[in-house]
Every structure is written in C-alpha cells, then in structure tokens.
C-alpha cells in the first residue's frame with residue numbers, strides 16, 4: 001500500500017503535468033479517474049492482508065491507554081484508508097444535497113460519488129462523458145455518478161439541449177438523450193445548427209429512442225416545468241461559483257476529496 005504522501009505526489013503530479021502540457025487535455029480527466037480506480041482496487045486488495053500489529057506502547061502510558069490501543073487495532077478494518085488531502089469537509093456543507101430530482105447512475109449507498117456539472121454543448125464535456133460512465137460501470141456498486149446541468153451562456157444551445165434531456169427524463173429517458181447528445185457524430189451535427197434547427201433535429205432524433213413518445217417530448221421541450229428545472233439548475237451551479245465545465249466533485253463516504261478548485265476548468269473561457 002502506498003503511503004499518503006505518495007498518493008498526494010502522484011495525484012498532484014498528474015494535475016501539474018496536465019497544466020504544463022495542455023490545460024485542456026482529456027488525459028487529465030482520464031489520469032484522475034485512473035488514480036481513483038487504483039485507490040479502489042488497492043483498498044479491495046487488502047481484505048486478505050496480515051493484520052497490522054499494534055505499535056508498542058511507551059512505558060509511561062497507562063494501562064487504559066494500552067487497552068484502548070489494542071482494541072483499536074483489533075477493530076481496524078482490513079482495508080487501510082489514506083487521505084488524499086488534509087481536510088475533508090462534509091459535502092452537505094458545500095453542495096446541494098443529492099435528491100430524487102438528480103439524474104444518477106449507481107446505488108445511493110455507494111461509497112464513492114462523482115457529481116459532475118456539465119454542459120451538453122461543451123466539447124470537453126462531450127469528450128469525457130463516456131469515460132465517466134464507463135468508470136461508474138467498472139465499479140458498479142461502489143460508485144454513483146450524478147449529472148447536474150450547468151448551461152453556459154457562451155453556448156447558444158446549452159439551455160435548450162439541457163431542456164431536451166429533461167424533457168426525455170419526464171419519460172424516464174434522460175440517460176438515453178444524454179448519450180445521444182454527447183455521441184461524437186451527433187454532437188458534431190447539432191452543435192453546428194441554429195437553435196431553431198436544433199429543436200427540429202432533436203424531436204426527429206427523439207423518435208429513434210425506444211419507448212420515448214416524440215410528440216409528448218416535443219410538447220415538454222419548452223414546457224414551464226422543464227424550463228424551470230433547467231433554470232433552477234443553472235442558478236444552483238452559479239451559487240457554487242463553479243469556474244467552468246466540466247466541473248467535478250468527488251466524494252468518499254459523504255466527504256469531499258476533489259472539487260473544481262483542484263482541477264483546471266476545461267471550458268472556463270466560455271463562461272460569461
């Protein structure tokens with residue numbers, strides 16, 4: 001098992017190298033996720049490790065202290081946990097709580113939670129979307145992925161595309177629309193269109209999603225309910241003073257270990 005200092009050096013080496021070479025590099029995201037994957041794997045590998053021997057208690061220590069140390073050693077988990085950072089604030093003190101209104105992949109009792117604030121028209125969000133979902137799938141049961149809207153004003157179709165996902169979500173097809181919008185081939189098509197052209201295009205594409213009533217989708221696309229949900233999501237993200245998209249929060253057991261302040265915002269230049 002690597003020491004806490006080594007974990008920190010590895011983590012910040014990935015971050016700093018990404019900044020020096022290209023702050024927009026997709027590899028920054030992949031290396032971060034790869035490191036987390038190693039952390040989870042290493043944790044699981046400790047289940048058959050030899051129990052840690054309690055350190056020798058100094059002669060001046062009381063017998064009560066000795067007993068407490070022995071008890072703590074006996075009750076220590078097989079998986080030794082190291083902190084990547086010196087402080088881990090409770091997520092509830094920083095982020096809006098996860099609720100039924102959130103779009104989620106993975107169980108609510110997952111040890112690790114990834115909360116991403118994203119914009120469908122952001123090219124970097126498109127590039128890493130598959131990696132995030134694959135990471136959650138590779139660690140099914142351990143990881144929950146949560147998608148939250150942060151439509152940037154510098155993108156002409158960021159709001160209407162978020163509304164498209166929400167309109168599909170009313171029929172239980174949020175993730176299908178999410179995947180369609182972020183698919184490279186379709187993304188190149190719709191991002192080059194005007195807002196009105198996108199509205200026509202996305203209704204036509206809705207017909208390709210099994211189980212989605214395209215006529216109902218068209219009615220919901222600009223409905224008051226959908227417009228309000230996206231507007232509320234934007235207001236919530238703005239309160240967090242998120243620097244750009246994609247912005248990622250990583251939680252372990254309800255505590256923050258990674259925030260947008262620890263990353264290079266990939267699309268901050270479009271934030272107005």
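Segment 184-233 holds helices (runs of 4 or more DSSP H) entirely within its bounds, and those carrying 3 or more residues that are more than 21 Å from residue 156 (Cβ to Cβ) map to 214-220. Consider segment 258-272 and keep the residues that are assigned to a loop (DSSP other than H, G, I, E, B) and over 15 Å from the mean Cα position of the chain (by Cα). The one that is modelled with the lowest pLDDT is 272.
Every condition in (1) part of a helix (DSSP H, G or I); (2) farther than 15 Å from residue 187 by Cα; (3) modelled with pLDDT of 95 or more is met by residue 161 except one, and the failing one is (2). The numbered conditions (1) without any contact (Cβ under 8 Å) to a residue 40 or more places away in the chain; (2) loosely packed, with under 15 Cβ neighbours inside 10 Å; (3) under 21 Å from residue 151 (Cβ atoms) are all true for residue 210 except (3). All told, residue 175 meets the bar of being under 20 Å from the mean Cα position of the chain (by Cα) and either surrounded by 13 or more Cβ atoms within 10 Å (Cβ to Cβ) or assigned to a loop (DSSP other than H, G, I, E, B) (or both). Suppose the filter is buried (at least 21 other Cβ atoms within 10 Å of the Cβ), out of contact with any strand residue (DSSP E or B) (no Cβ under 7 Å at 6 or more places or on another chain) and closer than 21 Å to residue 208 by Cβ; does residue 163 pass it? Judged against the criteria, residue 163 is a match. Residues in segment 234-257 that are exposed (fewer than 15 other Cβ atoms within 10 Å of the Cβ) and either part of a loop (DSSP other than H, G, I, E, B) or touching a residue at least 60 places away in the same chain (Cβ under 8 Å) (or both): 241, 253, 254. In segment 231-247, the residue that is farthest from residue 97 (Cα to Cα) out of those that are out of contact with any strand residue (DSSP E or B) (no Cβ under 7 Å at 6 or more places or on another chain) and at pLDDT 90 or above is 231.
For segment 90-118, give me each residue that is part of a strand (DSSP E or B) and either buried (at least 19 other Cβ atoms within 10 Å of the Cβ) or at pLDDT 90 or above (or both). Break it down stepwise before answering.
Residues of segment 90-118 part of a strand (DSSP E or B): 90, 103-105, 112-118.
Within segment 90-118, 103, 104, 105, 112, 113, 114, 115, 116, 117, 118 qualify.
With 135, 85 as the choices, which residue is assigned to a helix (DSSP H, G or I), modelled with pLDDT under 95 and surrounded by 14 or more Cβ atoms within 10 Å (Cβ to Cβ)? It would help to see each step written out before you state the result.
Numbers: 85 fails: assigned to a helix (DSSP H, G or I).
None of the others qualify; the one that does is 135.
It is to be established whether one or more residues within segment 221-229 are out of contact with any strand residue (DSSP E or B) (no Cβ under 6 Å at 6 or more places or on another chain), exposed (fewer than 14 other Cβ atoms within 10 Å of the Cβ) and either at pLDDT below 95 or farther than 21 Å from residue 149 by Cα (or both). Scanning segment 221-229, I find no residue that is out of contact with any strand residue (DSSP E or B) (no Cβ under 6 Å at 6 or more places or on another chain), exposed (fewer than 14 other Cβ atoms within 10 Å of the Cβ) and either at pLDDT below 95 or farther than 21 Å from residue 149 by Cα (or both), so the answer is no.
The values are calculated or read from the model by the stated rules, or taken from the named source; none is laboratory data. Note that this is a predicted model, so its numbers are computed, not measured. Neighbour counts run over all protein chains shown; Cβ positions are idealised from the backbone, glycine included.
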